[in-house]
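Before any comments, here is the structure.
Nothing in this text is a laboratory measurement; each read-out follows from the coordinates by a stated rule. This structure is a prediction, so every number in the text was calculated from the model and none was measured. All Cβ positions, even for glycine, are placed from backbone atoms using ideal geometry, and neighbour counts span all protein chains on display.
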Amino acid sequence: MTDTSVLLRCRSCMTANRVPAARLTEGPRCGRCKAFLEFSSRPEEITDSTFGKEILDWPGIVVVFFWAPWCAHCRGMFPMLEDLARQKAGIIKVGMINIELNQQLASRYNVMSVPKLVLYRNGRIIDELNGAVSALQLAEWTGHALSRAE
């Protein structure tokens with residue numbers, strides 16, 4: 001049986017809430033503080049200071065995209081990442097890290113070239129891809145992570 005629920009962290013009290021995927025459009029509320037639960041349908045800009053909260057503490061799957069403004073291949077992947085964030089909103093979080101503005105993260109994760117994709121589950125790295133990929137490769141890569149239930 002496939003689990004069709006997603007985890008959303010309340011931005012008010014930081015509680016992780018399990019929400020049935022079919023009810024995401026109904027304006028779910030936090031079970032603890034009753035605040036509306038928000039989930040991003042666009043890639044989120046991640047910085048050195050927000051990385052821990054937005055990636056390592058996130059209770060689910062996150063695709064992190066390391067990129068640089070001068071990289072043509074990186075800019076070419078933006079539409080695919082925006083599509084992924086929109087199509088998998090609430091299921092997969094997409095974070096983008098500009099390595100020129102966040103050099104500590106680039107150094108910490110040994111980003112020697114861009115683009116680089118890193119897949120996290122519950123704050124742990126489960127896979128990496130170096131270089132530009134096609135939309136099909138991105139879909140297969142993330143789909144494989146979704147199919148592996150923990």
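Length gained on full extension, residue 25 to residue 144: 40.3 nm, using 0.36 nm per residue less the C-alpha separation.
As I understand it, the value is the acute angle between the Cα axis of helix 72-87 and the longest principal axis of the Cα atoms of the chain; what does it come to in degrees, rounded to 10? Helix 72-87 sits roughly 10 degrees off the main axis of the chain. Annotation: amide H-H contacts under 5 Å for residue 9 (H modelled 1.01 Å from N, sequence separation of 5 or more, or interchain): 17. Rounded to whole Å, give me the distance from the Cα center of region 29-78 to that of region 109-149. Each part's Cα centre sits 14 Å from the other's. For the chain, the antiparallel share of DSSP beta bridges with both residues in that region comes to about 65%. When 34, 53, 93, 116 are arranged by Cβ crowding within 10 Å, least crowded first, meaning fewest neighbours, the order is 34, 53, 116, 93. By how many degrees, between 0 and 90 and to the nearest 10, does the Cα long axis of helix 135-147 differ from the longest principal axis of the chain? Tilt of helix 135-147: around 40 degrees. The slack between residue 38 and residue 125, meaning 0.36 nm per residue of separation minus the straight C-alpha distance, is 28.9 nm. Other residues lying with their Cβ under 10 Å from the Cβ of residue 67 contribute a combined charge of +1, Lys and Arg counting +1, Asp and Glu -1. Is the chain rounded, prolate or oblate when judged by the Cα gyration tensor, a ≥ b ≥ c being the square roots of its eigenvalues, rounded requiring a/c under 1.5 and prolate requiring a/b larger than b/c? Cα axes put the chain in the prolate bin.
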